[in-house]
Amino acid sequence: MGSLKSMNPKGKEIDMAALAAKKGDPDAFVRLHSYLERYILRVSANFMDGREQEDVAQELRLLLFKVLSSWELGKGREFRQYYIGAMKKHLWKLRKKATRMILVSIEEMEAGYATG
């Protein structure tokens, strides 16, 4: 089991891992992912129930890789803050998409009842 410090890294540690990962260091990306995995799991658990929870967690892991290229050290927020902001934006898009799918399903059901 890791030390408390490694389980709850400071923003500077995350920033350094993000910077190294952005430069192509695979070990740094693994370290960055391990630092942020608890956020990913917590957010996906709060966002979805059941089987979809792992799907959301996987999307958030992919998002981690995608946002690295647009983040710059010293240009505003720490990477953790930057990533959490990107997660929120992504989850709002997922929620909007899920709501739209529910509305379409209800409309399809009503159309089916009207013709049947």
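Straight-line reach from Lys23: which lysines have a Cα under 24 Å away, not including same-chain ones fewer than 8 places off?
In chain and number order, the partners are Lys10, Lys12, Lys66, Lys75.
Between Asp25 and residues 5 or more places away or on another chain, which pairs have amide H atoms under 5 Å apart, with H built 1.01 Å from N, and which residues are they?
It is none; the list stays empty.
Tell me, in nm to one decimal, what length is gained between Ala20 and Ile84 on full extension, where the rule is 0.36 nm per residue of separation less the Cα-Cα distance?
21.1 nm
Measuring from label point to label point, each 7 Å out along Cα→Cβ, what is the Val30 to Lys10 span in nm?
Label-label distance for Val30 and Lys10, simple model: 2.5 nm.
Every number in this text was worked out from the coordinates using simple rules, so none of it is lab data. Here the structure is a predicted model, which is why all the values come from computation and not from measurement. Backbone-built Cβ (ideal geometry, glycine too); neighbour counts: all protein chains shown.
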